[in-house]
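**Q** Please see the structure below; I have some questions.
The values are calculated or read from the model by the stated rules, or taken from the named source; none is laboratory data. Treat the numbers as computed from the prediction; the structure is a model and nothing was measured. Because the Cβ atoms are built from the backbone with ideal geometry, glycine has one as well, and the counts that use them run over all protein chains shown. When the accessible area is computed, the model is the full protein with side chains, heavy atoms only, and any ligands, DNA or RNA have been set aside. Shrake-Rupley method; radii C 1.70, N 1.55, O 1.52, S 1.80 Å.
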Amino acid sequence: MIERLQKVISQAGIASRRHAEELISAGRVSVNGKIVTELGTKVDPGRDVVAVDNEPLLKEKKYYCLLYKPRGMVTTLSDPQGRRTVAALVADVPARLYPVGRLDYNTEGLLLLTNDGPLTNLLTHPSHNILKTYLAEVAGRVAEESLDKLRIGIKLSDGVTAPAKIKLMSYDHEKNTTKLELVISEGRNRQVRRMCEAIGHPVNKLKRVKLGFLTLEGLRRGRYRHLTTDEVKELKNLANPVDK
């Protein structure tokens with residue numbers, strides 16, 4: 001995949017993107033043995049040999065982790081408010097992992113973390129329509145007419161949502177709550193919660209149980225597992241529209 005030279009240097013952990021630009025401008029970076037000083041230069045990190053001060057970049061090992069995120073944690077690497085972050089749950093992985101998308105503080109479930117930047121960009125790009133499945137417990141008894149609004153697409157503050165697949169799972173008379181399964185292709189901020197609020201049934205509990213073909217099967221809350229080679233390959237095929 002073709003990338004900007006400064007981005008390749010940054011992803012290798014050599015320097016920040018800004019510092020990488022300074023290194024290039026100073027004539028300290030070479031591509032395939034030739035000094036490059038133009039900041040717009042693009043390279044293929046899988047084919048081209050990039051060196052800084054004559055030292056070739058070491059290719060960082062890629063990690064792909066599927067985490068069962070608990071409630072009460074933020075999907076960031078650090079938090080200025082001192083709240084627990086998902087980074088603590090993968091602290092034993094010898095790489096800086098980044099979340100693929102987000103689950104809000106009170107939402108639990110499936111979350112991918114990886115140091116594969118290009119794949120993260122593909123998976124989170126809105127045009128690729130990666131399906132995400134949620135189980136929600138909402139307040140009140142939900143009528144099918146209300147669910148039809150979500151199936152068609154409902155207007156939120158940031159525009160009309162794409163049609164969602166909705167299944168009414170059960171209704172609890174004693175608690176006066178309804179359980180729903182929702183499948184969406186978008187990844188807007190707090191989207192499922194806002195969709196349910198828009199039809200008058202705020203979410204009490206929310207859990208993401210599936211992302212594409214990946215599920216939480218075999219995982220306990222707060223634990224993670226590494227994706228298999230075949231899963232990574234299938235995930236890249238799913239995320240890359242060229243391969244579809």
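**Q** Over the chain, with the other protein chains present, what is the accessible area per residue in square angstrom, probe 1.4 angstrom?
**A** 56
**Q** Next question. Under 30 Å between C-alpha atoms is the cut-off here; go through the stretch 1-145 and count lysine pairs that meet it, provided they're at least eight residues apart or on different chains.
**A** Number of lysine pairs found: 19.
**Q** Let me ask another. Please give the length that would be gained between residue 189 and residue 39 if that part of the chain were fully extended, namely 0.36 nm times their separation in residues minus their C-alpha to C-alpha distance (nm, one decimal).
**A** 50.7 nm
**Q** Provide the three semi-axes, in whole Å and in decreasing order, of the ellipsoid equivalent to the chain as defined by the square roots of 5 times the Cα gyration tensor eigenvalues.
**A** Those come to 41, 19, 16 Å.
**Q** Continuing with the same structure: Over what distance in Å are the Cα centres of the stretch 114-188 and the stretch 42-64 separated?
**A** Comparing the Cα centres of the stretch 114-188 and the stretch 42-64, I get a distance of 39 Å.
**Q** Inverting the mean 1/r over all pairs of different Cα atoms, compute the Kirkwood radius of the stretch 1-123 and quote it in Å.
**A** Final number for the Kirkwood radius of the stretch 1-123 is 16.0 Å.
**Q** What FRET efficiency comes out for residue 53 versus residue 121 if R0 is 35 angstrom and r is the Cβ-Cβ distance? Round to the nearest 0.05.
**A** Given R0 = 35 Å and the Cβ-Cβ separation, E is 0.75.
**Q** Report, in cubic angstrom per residue, the convex hull volume of the C-alpha atoms of the stretch 139-210.
**A** Per residue, the Cα convex hull of the stretch 139-210 comes to 84 Å³.
**Q** How far apart, in nm, are the 7 Å Cα→Cβ label points at residue 234 and residue 19?
**A** Here the answer is 4.0 nm between the modelled labels.
**Q** When the convex hull of the C-alpha atoms of the stretch 50-176 is computed, what volume per residue in Å³ does it have?
**A** Normalising the Cα hull of the stretch 50-176 by residue number yields 181 Å³.
**Q** Output needed: percent of Cα pairs per 10 Å distance bin for the stretch 97-167, bins running from 0 to the one holding the longest distance.
**A** With 10 Å bins starting at 0, P(r) equals 15, 38, 35, 11, 1.
**Q** Which of the aspartates and glutamates could a cross-linker bridge to residue 236, judged by Cα under 20 Å and excluding same-chain residues fewer than eight apart?
**A** Within the straight-line limit of under 20 Å, residue 236 reaches these aspartates and glutamates: 3, 44, 60, 116, 186.
**Q** Turning to a different aspect of this structure: Could you state the orientation-averaged shadow area of the convex hull built on the Cα atoms of the stretch 120-239, in nm² to one decimal?
**A** Result: 8.4 nm².
**Q** Something else now. How large, in percent, is the carbon and sulfur part of the accessible surface of the chain at a probe radius of 1.4 Å?
**A** 49
**Q** Is it possible to state the helix-based mean residue ellipticity at 222 nm for the chain, with each DSSP H run of 4+ residues giving -39500 (n - 2.57), the sum divided by total residues, to the nearest 500 deg cm²/dmol? What is it?
**A** -6000 deg cm²/dmol
**Q** Calculate one ³J(HN,Hα) per residue across the stretch 212-219 by plugging θ = phi - 60° into the Karplus curve 6.51 cos²θ - 1.76 cosθ + 1.60, and present them in order as whole Hz with x for glycine and proline.
**A** Using θ = phi - 60°, the values come out as x, 9, 7, 10, 8, 3, x, 9 Hz.
**Q** While we're on this one: Among all helices in the chain defined by DSSP H, which have a length of 20 Å or more along the axis from Cα atoms plus a Kyte-Doolittle mean of at least -0.5?
**A** Helix filter hits for the chain: none.
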